[in-house]
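Report on the following structure.
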Amino acid sequence: MSTHELEKKELEDNFEKLRLSLQDQVDTLTFQSQSLRDRARRFEEALRKNTEEQLEVALAPYQHLEEDMKSLKQVLEMKNQQIHQQEKKIIELEKLAEKNILLEEKIQVLQQQNEDLKARIDQNTVVTRQLSEENANLQEYVEKETQEKKRLSRTNEELLWKLQTGDPTSPVKLSPTSPIYRSSSSGPSSPARVSTTPR
């Protein structure tokens, strides 16, 4: 149970206690009212009998009646104010609870969006890693091809030099129209195509 719900429950409990207290006071006032009616009836009887002693006895309980009524009225007004304040607090807590529900829904949406974004980032990271590996492989292949071309170029230059100088160490003098000569001049064959399919 959340803090707002606990506070709301506490306010509702206080409100119920206050209502019961007011109900007790109402019952007390009802009883006092009935007692006053009885006293009034006795007062009327005393008037009918026109006896001073009975009048004094009948009027004695009413000497502080007005003060008692004023005091009870003040108490009731205070209790009514407390009830009104409790009701306002309950309404405010209900509104706050509604706002919290909306905020929780927004948080859930943002969390889902964050998870989706994280998944996309992870996927992009995998793709980037694959591309980096393929790029490294391609660079390695290009480097090897470059070295091979340099080696073939040096070999070709040596053969040309031997052909032009008539080097006796050369067993065969190759003409420019020789297939070997043309093959050496044209350089290495085209490199195999490197697969760029993501692994």
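Every number in this text was worked out from the coordinates using simple rules, so none of it is lab data. Everything quoted here is computed from the prediction, not taken from an experiment. Ideal geometry is used to build each Cβ from the backbone, glycine not excepted, and the neighbour counts take in all protein chains shown.
Built from the Cα atoms of the range 110-153, the convex hull projects on average onto 2.7 nm², one quarter of its surface area.
For the range 3-105, the relative contact order works out to 49 percent when only alpha carbon pairs closer than 8 Å and six or more residues apart are counted. Of the Cα atoms belonging to the range 3-105, the radius of gyration and Dmax stand at 23.2, 81 Å. Dipole orientation for the range 3-105: of the candidates P61, A97, Q85, P61 has the Cα lying most toward the positive pole (charges on Cβ; Lys, Arg +1; Asp, Glu -1).
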